[in-house]
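Below: the structure, in structure tokens.
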Amino acid sequence: ALTTATNPGFVVRITQAGLDYAHQHGIAILEKELARLRLSDISGDSRVLHVGKVHYELSRLRLRDFHLPYSRITPISNVGLQVSISNAYAELDGDWRVKFLFIRDRGSFDLKVENVYIKISLRLGSDATGKPTASTSDCSAHISEVRVLFSGKFGWLYNLFHSAIESRFRKILEDKVCDSVVESVHIELQKYLRTLPVTARIDAKTGIDYSLVAPPRATAQSLDADLKGEFYSLTSRSPVPFSPLPLAFPSDHDRMVYFGASSYFFNTAGIAYHKAGALVFEITEAMIPKDVGFSLNTSTFSAFIPQLEEMYPNMPMKFRLSTPTAPFLTIGPGGISLKPIVDAQAYAILPDSSLAPLFLLSLTGNVSAVINVRSGRIVGSLDVGRIRLSLKDSAVGTFQVRMMQSIMNILTSSTLLPRLNARLDEGFPLPLLDRIQLSNILMRFHQNFLLVGADVHFQ
């Protein structure tokens, strides 16, 4: 089947510094897993010169520790990740029993494993839900030196054929090491990768889709993950009427991780909230700050619309603000900007609490956004410039809307804007694995996307 490439709405880049940090924690886990290796009893027969056939048994094998002092992780382009471990070492002990001719004896032994070299290749992918996956595509272990020291009355006898025992230990340990690596990747690493939230519920109306649109890809300097990066309505999800643009991701490598949030990502938020009916706001008298200096009633507005006093004398009013279309923003090197269109329907509240439509205004103006990252969430605030008004409909006759300029500016800045900014201050979660905290955050604006860089701390 032929497929077409899908541009991501959100990109995550893990640099070499980030891979090194993750690798440190991974090696610490692997070291603990290797130290828990269980070795089966070993028995066999060996023929010793001038002695004859000797039967031996090695039991109660205990791995005291396994150390991985030197290792590194390397992204291999178009392949995945490679982990190389060198100069690892381990120590074991156990009990031995020997039988030859009419002689029986037993004792203990110590075993030192040195110069262990391990090479692990990790294949990265994604499952049907868009979560990342990891598997061991190759593992090789080579042990250069195994030394066994036997104690007991006939320990000298074991030392005569120690090479045969040491070669058996070497083969057993090499196989066991790779078995442990495969199991750790399958259980520990795969389990941890599944903590990545490919869908994040934002509130009762919207969520974010962070599923992978392609398997993670390794480059010579980083590991990149392309995510869908799309907000959606929980009530009615439908295709977005435009596609993500390609992101010219810069070659920054000062931080451990970088996030690229495209204009597509932010604009799907507008679509999702618009579809969910969340971009409808009401302004009533109770919401107006006391220090504004006017009341929201027909007496106040009769100064601009004299006929109001005759038709609806001294009645309370309210405005219902809504967006006829989803707001659309642009991102450039100078920041984020948008020019939303807002319909403001004015009503008179009649004595029986029913509403009488008065007039419908169209409000437009330049809005700038300030974006930040706090506690793993993208937060923001809006600032609105001077609002321009136009009359779309009126049930009270014509009037000069420019006379209302100041009062509408006050209403939006004192009531609407604080409500929007309070919601934006709650933020939207970044796609982070479990127990990850961000620090040393930087933010830069590029054409069509916001770049967030950060260092990582694993709790």
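The values are calculated or read from the model by the stated rules, or taken from the named source; none is laboratory data. All values derive from a computational prediction rather than experimental measurement. Because the Cβ atoms are built from the backbone with ideal geometry, glycine has one as well, and the counts that use them run over all protein chains shown. Remember, those area values only see protein heavy atoms, side chains included, never the ligands or the DNA or RNA. Shrake-Rupley method; radii C 1.70, N 1.55, O 1.52, S 1.80 Å.
A few notes on this one:
- Extreme residue, surrounded by the fewest Cβ atoms within 10 Å (Cβ to Cβ), among residues of the stretch 94-117 that are within 17 Å of Glu57 (Cβ to Cβ) and basic (Lys, Arg): Arg104
- Looking at the stretch 19-125, the strands (runs of 3 or more DSSP E) lying wholly inside it that each contain 2 or more residues that are more than 44 Å from the chain's Cα centre (by Cα) sit at 42-48, 52-67, 80-100.
- So Leu149, is it open to solvent by 30 Å² or more (accessible area, probe 1.4 Å), touching a residue at least 12 places away in the same chain (Cβ under 8 Å) and in a strand (DSSP E or B): yes
- Residue, most open to solvent (accessible area, probe 1.4 Å), within the stretch 325-360, restricted to residues that are β-branched (Val, Ile, Thr) and within 27 Å of the chain's Cα centre (by Cα): Thr330
- Answer residue from the stretch 216-236, given it is in contact with an Asp or Glu (Cβ under 9 Å, 6 or more places away or on another chain) and part of a loop (DSSP other than H, G, I, E, B) and is nearest to Thr74 (Cα to Cα) among those: Pro216
- Filter pass, Ser262 being at pLDDT below 90 and assigned by the TED database to the domain that holds Gly335: no
- Count of residues meeting criterion [in a loop (DSSP other than H, G, I, E, B) and more than 15 Å from the chain's Cα centre (by Cα)] in the stretch 189-210: 3
- Failed item in (1) modelled with pLDDT under 95; (2) loosely packed, with under 13 Cβ neighbours inside 10 Å; (3) more than 17 Å from Leu173 (Cβ to Cβ), with Ser144 passing the rest: (3)
- When we screen Asn448, Asn409 for residues that are crowded, with 16+ Cβ neighbours inside 10 Å, under 30 Å from Met311 (Cα atoms) and not charged (D, E, K, R), the only hit is Asn409.
- Cβ pairs under 6 Å, 6+ apart, first in the stretch 358-387 and closer than 18 Å to Ala200 by Cα, second assigned to a strand (DSSP E or B) and open to solvent by less than 10 Å² (accessible area, probe 1.4 Å): Val373/Val452
- Test: residue in the stretch 265-276 that is open to solvent by less than 50 Å² (accessible area, probe 1.4 Å), assigned to a loop (DSSP other than H, G, I, E, B) and of a type outside the set (Ser, Thr, Tyr): yes
- From the list Val240, Val280, Val213, the one residue that fits, being open to solvent by 10 Å² or more (accessible area, probe 1.4 Å), within 18 Å of the chain's Cα centre (by Cα) and either among the hydrophobic types (A, V, I, L, M, F, W, C) or closer than 30 Å to Thr129 by Cα (or both), is Val213.
- Test: Phe169 is buried (at least 19 other Cβ atoms within 10 Å of the Cβ), out of contact with any Lys or Arg (no Cβ under 8 Å at 6 or more places or on another chain), on the phi < 0 side of the Ramachandran plot and at pLDDT below 90: yes
- Yes/no for Ala128 being among the small types (Gly, Ala, Ser), open to solvent by 80 Å² or more (accessible area, probe 1.4 Å) and within 41 Å of the chain's Cα centre (by Cα): yes
- The set of residues in the stretch 361-406 being open to solvent by 80 Å² or more (accessible area, probe 1.4 Å), of a type in the set (Val, Ile, Thr) and in a loop (DSSP other than H, G, I, E, B) consists of Thr398 alone.
- Looking across the stretch 73-93, the residues that are touching a residue at least 40 places away in the same chain (Cβ under 8 Å) and either touching a helix residue (DSSP H, G or I) at 6+ places or on another chain (Cβ under 7 Å) or crowded, with 18+ Cβ neighbours inside 10 Å (or both) come down to Ile73, Pro75, Gly80, Leu81, Val83, Ile85, Ala90, Leu92.
- Positions within the stretch 17-29 being in contact with a strand residue (DSSP E or B) (Cβ under 7 Å, 6 or more places away or on another chain) and open to solvent by 40 Å² or more (accessible area, probe 1.4 Å), in sequence order: Asp20, Tyr21, His25
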